[in-house]
Amino acid sequence: PKRYMKTLQTTKVSVVMPVYNGMPYLKLAVKSILRQSYKNIEFIIIDDSSIDSSWKYLKSIKDKRVILLKNKKNSGIVSCLNKGLKKSKGEYIARMDADDVSIPSRIEKQLKYLQKNPQVDLCGSWVDLIDQNGKRVGEKKFPSDPNQEKRSISWFAAVIHPTYMGKKSFFQKLNGYRKKYELAEDYDLLSRARNKYTIANVPLKLLQWRLRPQRSSRLEMKKMDRMDLLIKMESIKRDGYSL
């Protein structure tokens, strides 16, 4: 076990987190990554031209593992994510969102899982749902078995985006995220990967996923539904209809 831990600790993990007006939850999100039991990380935070005090807080962080990038103008989550992916030096990429909370052993558990199951290219995890006050209001559990996972992705994004952790090569081969599917960029990535890569979920709750009432405006929901449909149609065109 000691030798195993050693090889584990020599593996660098890049955590990529976009931020746009992240206060007041940003501090909790950042601390939850910097306090991970697994220490060999670089934490790439991309500020998308925030107009609240996010940038001021980010600049005050005293941790050498934090790499700050700032967009001159607001350019959306997809360009932030792709910027973070390009900058990353880790063998694995983990995702994080600025209003969620990773449990302390999250990176360690996902990394152990990926190293024990080298055929898996991307894994997510189960989550606890929390409200604006951090109170637990539910949970989400998606299939952990890769075959079930593959079937589920035909219908919906069966890996929760901020729980993603995968091989850097997986993201590179897919050319990262696509701007034209912003708002459903995670589902588009999964759809494109479904038949070529192995995707799974670690059957443990490793993240507190915050519900965001202010973001799901009716207009945004409509746009997301449209994206969803376009992704499914493109997927059928590309892969044929398969379950």
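Have a look at Lys64, Lys72, Lys56 and point out the one that is in contact with a Ser or Thr (Cβ under 8 Å, 6 or more places away or on another chain) and free of Cβ contacts under 8 Å to residues at least 24 places away in the same chain.
Lys72
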Original post:
(1) free of Cβ contacts under 8 Å to residues at least 12 places away in the same chain; (2) within 17 Å of Gly176 (Cβ to Cβ): which one isn't true of Lys31, the others all being true?
Top reply: (2)
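Residue by residue, here is whether (1) within 15 Å of the chain's Cα centre (by Cα); (2) at pLDDT 95 or above holds:
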| residue | (1), (2) |
| --- | --- |
| Glu139 | no, yes |
| Glu149 | no, yes |
| Thr163 | yes, yes |
| Lys179 | no, yes |
| Ile199 | yes, yes |
| Leu204 | no, yes |
| Leu207 | yes, yes |
| Asp228 | no, no |
| Ser242 | no, no |
**OP:** List the number of the failed condition for Lys150; all other conditions in (1) more than 23 Å from Val30 (Cα to Cα); (2) touching a strand residue (DSSP E or B) at 6+ places or on another chain (Cβ under 8 Å); (3) open to solvent by less than 50 Å² (accessible area, probe 1.4 Å); (4) in a helix (DSSP H, G or I) hold.
**Re:** (3)
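Could you pull out every one of the strands (runs of 3 or more DSSP E) wholly within the range 1-110 that has 1 or more residues that are in contact with a Pro (Cβ under 9 Å, 6 or more places away or on another chain) and open to solvent by less than 30 Å² (accessible area, probe 1.4 Å)? First the steps, then the outcome.
Numbers: elements: 13-19, 41-47, 66-70, 92-95.
Because the criterion is at least 1 residues that are in contact with a Pro (Cβ under 9 Å, 6 or more places away or on another chain) and open to solvent by less than 30 Å² (accessible area, probe 1.4 Å), the strands (runs of 3 or more DSSP E) in the range 1-110 that meet it are 13-19, 41-47, 92-95.
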Original post:
Of all residues in the range 182-222, how many are surrounded by 20 or more Cβ atoms within 10 Å (Cβ to Cβ), assigned to a strand (DSSP E or B) and among the aliphatic types (A, V, I, L, M)?
Top reply: 5
Original post:
List the pairs whose first member sits in the range 105-124 and is in contact (Cβ under 8 Å) with a residue 24 or more places away in the chain, whose second member is acidic (Asp, Glu) and open to solvent by 10 Å² or more (accessible area, probe 1.4 Å), and whose Cβ atoms are under 9 Å apart, counting only residues at least 6 apart or on separate chains?
Top reply: Leu114/Asp121
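The values are calculated or read from the model by the stated rules, or taken from the named source; none is laboratory data. These numbers come from a predicted model, not from an experiment. Virtual Cβ from ideal backbone geometry, glycine too; neighbours counted across all protein chains shown. Just so you know, the surface numbers come from the protein's heavy atoms only, side chains and all, with ligands and any DNA or RNA stripped out. Shrake-Rupley method; radii C 1.70, N 1.55, O 1.52, S 1.80 Å.
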